[in-house]
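Below is one structure; the comments refer to it alone.
The values are calculated or read from the model by the stated rules, or taken from the named source; none is laboratory data. From a predicted model like this one, the values you see are computed outputs, not experimental measurements. With ideal geometry, Cβ positions are generated from the backbone for all residues, glycine too; neighbour counts draw on all protein chains shown. The protein model used for the area step is the full one, side chains on, heavy atoms only, and it has no ligands, DNA or RNA in it. Shrake-Rupley method; radii C 1.70, N 1.55, O 1.52, S 1.80 Å.
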Amino acid sequence: MSLAVDDAAWASAWRHRSPGDKLLLCVGLVVCALVLPAWPGSLLVGGTAVALALGPARVPARTFGRAVRLPLAFILVSAVTAVVEVGGDGLGWAPDAAARAGSLVGHALAGSAAVLLLATTTPMSDLLPALQRLRVPTAVVEVASVTYRLLFVLLTSLTTIREAQTARMGYATVRGSYRSAGVLAAAVLTRSWDRARRLQEGLAGRGMDLGLQVLPESQPSSRRFVAATVAGLVVLVAVGLVGA
């Protein structure tokens, strides 16, 4: 089983670029999304991230669009709750509700687009060793690695159980669909927990207390890419501040 974002990262035109170079670009875009004014800074940052993903990196537009749907839903809900006030007359909108919601949505969407640019161009097998070289604490890298592996355990369990339920007409009626969905959630959690426990016991039995050590692929940094990244970020900051 596979994930669409993971498949896009392996097939990206930037697959063999240095993870450090891509981290510099994407972290720089996230910082710009946070510090620049929502207009026009967030629009510039988000547009740049999307243009780089769909252009030079050649990420499929459908994959990128589907990946941004869940963050977008969360951002919209957060924006609504952030502009609601409780007063003597009950619930109401804040005086600057439109401006506050627009600023929140703009910053969050621009930052999400920058993070998705990294996710759709850099496989986890490249990103985790790069984080280790950047002196990120080992515990943090290990948690990220285990979480990534468990995603595939969950996906495999979910697909297998759902196929079995569908073959038994578990989703033929609305009532049956609700019942099957509840059984599916319970079964996936218990089976995934059991498989994760057996995986941990197997690794511990082999003496792998410090994580699985692998030999990362050599991906040298590109001075041209780094220079273009720094120059592009400087231009974004300048245009964002001047246009504010």
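The set of residues in the range 59-71 being over 16 Å from Ala11 (Cβ atoms) and open to solvent by less than 60 Å² (accessible area, probe 1.4 Å) consists of Gly65, Val68, Pro71. The listed residues are Val59, Val80, and the only one of them that is in a helix (DSSP H, G or I) and at pLDDT 80 or above turns out to be Val80.
In summary, Ala101 fulfils each of the numbered conditions (1) farther than 30 Å from Leu154 by Cα; (2) surrounded by fewer than 16 Cβ atoms within 10 Å (Cβ to Cβ) with the single exception of condition (2).
Evaluation of Pro56 against the conditions (1) open to solvent by less than 40 Å² (accessible area, probe 1.4 Å); (2) free of Cβ contacts under 8 Å to residues at least 60 places away in the same chain shows that the sole unmet condition is (1). Close Cβ contacts (under 6 Å, 6 or more residues apart or on different chains) running from residues in the range 116-133 that are within 17 Å of Thr147 (Cα to Cα) and modelled with pLDDT under 90 to residues that are open to solvent by 20 Å² or more (accessible area, probe 1.4 Å) and of a type in the set (Phe, Trp, Tyr) comprise Pro123/Trp10; Met124/Tyr148. For the range 143-188, the candidate set comprises residues that are β-branched (Val, Ile, Thr) and more than 23 Å from the chain's Cα centre (by Cα); within that set, the residue that is least open to solvent (accessible area, probe 1.4 Å) is Ile161.
Within the range 219-235, residues that are open to solvent by 70 Å² or more (accessible area, probe 1.4 Å) have Cβ atoms under 7 Å from residues that are not in a helix (DSSP H, G or I) in these pairs: Pro220/Ser18; Ser221/Ser18, counting only partners at least 6 apart in sequence or on another chain.
Suppose we keep only residues that are part of a helix (DSSP H, G or I) and farther than 27 Å from Ala57 by Cβ within the range 110-142. Which one would you say is most open to solvent (accessible area, probe 1.4 Å)? Ranking the qualifying residues of the range 110-142, first place goes to Thr138. If you go through the range 21-44 and keep only what is open to solvent by less than 40 Å² (accessible area, probe 1.4 Å) and either more than 14 Å from His107 (Cα to Cα) or of a type in the set (Gly, Ala, Ser) (or both), you end up with Asp21, Lys22, Leu23, Leu25, Cys26, Gly28, Ala33, Ala38, Gly41, Ser42.
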